[in-house]
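What follows is a set of notes on a single structure, which appears directly below.
The values are calculated or read from the model by the stated rules, or taken from the named source; none is laboratory data. Please read these numbers as outputs of a predicted model, since none were measured by experiment. All Cβ positions, even for glycine, are placed from backbone atoms using ideal geometry, and neighbour counts span all protein chains on display. Quick note on the areas: whole protein, heavy atoms, side chains included, nothing else; ligands and nucleic acids left out. Shrake-Rupley method; radii C 1.70, N 1.55, O 1.52, S 1.80 Å.
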Amino acid sequence: MQDSSINNSNSVNSLIHLYRGELGRMVSYRSRLDTTTNWAIVTTAAMTTFALGNSNVSHAVFLFAMFLNYFFLHLETRRFRVYELSHQRVRILERYFYGEMLGQTPDKAWREALAKELQQPRSPVTRLNALGWRVRRNYIWIYAAVLLAWLMKLSSASPAMNLVQAARVGAVSGTWVTVVVVVVYLLLILLAVRASFYHQLESD
């Protein structure tokens, strides 16, 4: 009985420390998500001000901004998946472990599920869903602002040309540049819609 009590006490203490650690990591990664979004917003605002304020600056600055924002989006996607991994463990402990401590009789299989999760960590959110979710939450608005500023730059830089012709970058024709931009934005919209669809299915 004494050994069993010690083992039980050790298990409880270990789970409490695990809960604290995962909760701290979840809060830390939540803050990192905000930091990455702020980087994207500040960088976009600075490049937009620089490009629109100087008529000699090429509209290609906004194409670079689109690429740079994808880098921030990719980084934020990785952080979001880690955040969701910790969030999943915190929810398991809050729902089952503390529920059991408060006198409830939850399904005992949660211990095996938690042990398996610790042995083989896997985020509950796939990379595509995480990518789409961050686009839907923040980056669709950032990309919309970049697109609007790019169109303004094209219309003001070459008023005698149409927007497609003015989109030319070096030896690359404006048609190809426009096609690439349209495809990129369509993919972003599809990712956002897909993430929203799967989120609704999980909620149901």
Within a Gaussian network of the chain (alpha carbon springs, distance under 10 Å), most fluctuating of Gly170, Gly53, Gly21 = Gly170
Dipole of the chain (Lys/Arg Cβ +1, Asp/Glu Cβ -1, origin at the Cα centre): which of Asn13, His87, Asn69 lies farthest to the positive side?
-> Asn69
Summing -39500 (n - 2.57) over every DSSP H run of at least 4 residues in the chain and dividing by its residue count gives a helix-only mean residue ellipticity at 222 nm, to the nearest 500 deg cm²/dmol, of -27000 deg cm²/dmol
Rounded to 10°, Cα long-axis angle of helix 140-157 versus longest principal axis of the chain | 10
For the charge dipole of the chain, defined by +1 on Lys and Arg C-beta atoms and -1 on Asp and Glu C-beta atoms about the Cα centroid, which residue among Asn54, Met152, Tyr96 has the Cα displaced farthest towards the positive pole?
-> Asn54
Mind checking the angle between helix 109-119 and the chain's longest principal axis? C-alpha axes, 0 to 90 degrees, to the nearest 10.
-> 50
Isotropic mean projected area of the C-alpha convex hull, the range 24-63 (nm²) = 2.9
With N denoting the number of residues in the range 30-106, provide Rg(C-alpha) divided by 2.2 N^0.38 Å, to two decimal places.
-> 1.83
Obtain the radius of gyration and the Kirkwood radius of the chain from its C-alpha atoms and give Rg over Rh.
-> 1.19
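Nearest 20 debye, what's the magnitude of the dipole of the chain about its Cα centre given +1 on Lys and Arg Cβ and -1 on Asp and Glu Cβ?
Using Cβ point charges on Lys, Arg, Asp and Glu, the chain gives about 380 debye.
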Relative contact order of the chain, defined on C-alpha pairs under 8 angstrom at six or more residues apart (%) | 23
Gln119-Ser11 pseudo-label distance in nm [points 7 Å out on the Cα-to-Cβ vector] | 1.6
Projected area averaged over orientations for the range 75-125, convex hull of C-alpha atoms, nm² | 3.6
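Going through the range 64-121, which trypsin sites (Lys or Arg not before Pro) have at most 13 other Cβ atoms within 10 Å and a DSSP loop state?
Lys108
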Per residue convex hull volume, Cα only, the range 114-194, in Å³ is 116
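Just need the relative contact order of the range 55-154 here, percent rounded to a whole number, with Cα pairs under 8 Å and 6+ apart.
Relative CO of the range 55-154 lands at 50 percent.
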Taking a probe of 1.4 Å and leaving out DNA, RNA and ligands, the range 1-130 shows per residue an accessible area in Å² of 63
Read phi for every residue in the range 62-72 and hand back ³J(HN,Hα) as whole Hz from Karplus 6.51 cos²θ - 1.76 cosθ + 1.60, θ = phi - 60°, with x for Gly and Pro.
-> 6, 5, 5, 5, 4, 5, 5, 5, 5, 4, 5
Just the ratio, please: alpha-carbon radius of gyration of the range 133-174 over 2.2 N^0.38 Å, N its number of residues.
-> 1.45
